[in-house]
Amino acid sequence: MEKMIKKRIDQVKEKGHQRLTVLLIPHGFDKSFHFQISIFTIFFLVGLLFAIVGIAVLGIVRYNNTRIQINALASVYGKYFDEYIEYSEKLGDIRDDFASLNENLQEVHSLIDGESEELLKLPDEADSEDLAATELKVEEAVDKDLMLGRSYLSEIYGYRAVRVSMEKNKALVDSVFNFLDSRYGIMNSLPFGEPLLSYNLTSYYGMRRSPTFGYMEFHDGVDLANVPGTDITATGDGKVYRAIYSNRGYGNHIVIAHANGYYSLYGHCTSLKVREGEYVRKGQRIATVGATGNVTGPHLHYEVWIGESNRTDPMDYMKVGFGQY
């Protein structure tokens, strides 16, 4: 068997090395030309010719397909090209801003003694990009139409990577927000801020000469003058502890009980807008400026108490700039 195969191969080689004589007789020439070529060489040249033609045909087909895709992209994205250029330029700024935000969140979380150190372990940028690419590939596999042009727009992957990072940092953002939200709730429950939007401070907290009787006395609050009817607002969340109409002393006045044993008093009002036992919110309209009780002119007498007997300087609380949540 082995001898037969070897004999067959030798026969093929022998035939392949056989030479053919090609005779060329040019028209109008007296001489003829001839040359010899082996059968192996003829097969090689024919194969080479077919390979060149095949490559050319493949190149033409791929070129046409590319042109079709480009034309499709031009129709789909052409009208959004200016926006695409703009967003491409902004992508770098967004990444920088987001990185800065992450640093700030980490710093805030550290300052507030965050509960979990896991929240500070931000995802690596390369991991976010890999996850974003995986998500987009899955979407493209589900909806083939999405393949049209998305692979040409690297910015899509960039924006998706930023979104993935944001989602990964959501727990950190929620932790910081919850802390600040609880602290704002505490601050709003204390009498911080001013009871009038504008006023003229006519009398400070402390010793003074009584404007009605002329002798020296201790003034337990501050007097904030404004026209009668000006709105008075609660300086903190709380429950109306007193709502009294009177022609003596504080006149018509309100006392609000706040958290942690704080109270605020609003005296000499024209009218009271809340009732005893009612719960009020910081910034809520509770009364209007008047001249009831022991006064020489329209103004708001405002006090802050720590407990029911310990009066303190209201100015220390009026200038705390936390604002309303």
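The values are calculated or read from the model by the stated rules, or taken from the named source; none is laboratory data. Since this is a predicted model, take the numbers as computed values, not measurements. Cβ: placed from backbone, ideal geometry, glycine included. Neighbour counts: every protein chain shown.
Annotation: residue 260 fulfils all but one of (1) out of contact with any Ser or Thr (no Cβ under 7 Å at 6 or more places or on another chain); (2) buried (at least 17 other Cβ atoms within 10 Å of the Cβ); the unmet one is (2). Do we have residue 258 as in contact with a Cys (Cβ under 9 Å, 6 or more places away or on another chain), closer than 18 Å to residue 284 by Cβ and not aliphatic (A, V, I, L, M) here? Criteria not met by residue 258. Only one entry in 227, 222 is surrounded by fewer than 19 Cβ atoms within 10 Å (Cβ to Cβ), closer than 14 Å to residue 196 by Cβ and among the β-branched types (Val, Ile, Thr), namely 227. Just give me the residues in the stretch 65-95 being exposed (fewer than 10 other Cβ atoms within 10 Å of the Cβ) and modelled with pLDDT of 70 or more, in sequence order. 93 - this is the single residue of the stretch 65-95 that is exposed (fewer than 10 other Cβ atoms within 10 Å of the Cβ) and modelled with pLDDT of 70 or more. Residue-level check: of (1) within 17 Å of residue 320 (Cβ to Cβ); (2) in contact with a Gly (Cβ under 6 Å, 6 or more places away or on another chain); (3) part of a strand (DSSP E or B), residue 304 misses just (2). For beta carbons closer than 7 Å, sequence separation of 6+ or different chains, a first residue in the stretch 216-229 that is in contact (Cβ under 8 Å) with a residue 40 or more places away in the chain and assigned by TED's automatic domain parsing to the domain that holds residue 265 and a second that is exposed (fewer than 13 other Cβ atoms within 10 Å of the Cβ) and among the β-branched types (Val, Ile, Thr), there are no qualifying pairs. For the stretch 235-277, the set of residues classified as assigned to a strand (DSSP E or B) and either of a type in the set (A, V, I, L, M, F, W, C) or free of Cβ contacts under 8 Å to residues at least 24 places away in the same chain (or both) consists of 240, 243, 244, 254, 255, 256, 257, 265, 269, 271, 272, listed by residue number. Restricting the stretch 153-205 to residues that are aliphatic (A, V, I, L, M) and within 27 Å of residue 233 (Cα to Cα), the residue that is modelled with the lowest pLDDT is 180. Applying a threshold of 8 Å to beta carbon distances and a minimum spacing of six or more residues, or different chains, the list of pairs starting in the stretch 278-305 at a residue that is modelled with pLDDT under 95 and ending at one that is charged (D, E, K, R) and surrounded by fewer than 17 Cβ atoms within 10 Å (Cβ to Cβ) reads 293/248; 294/248.
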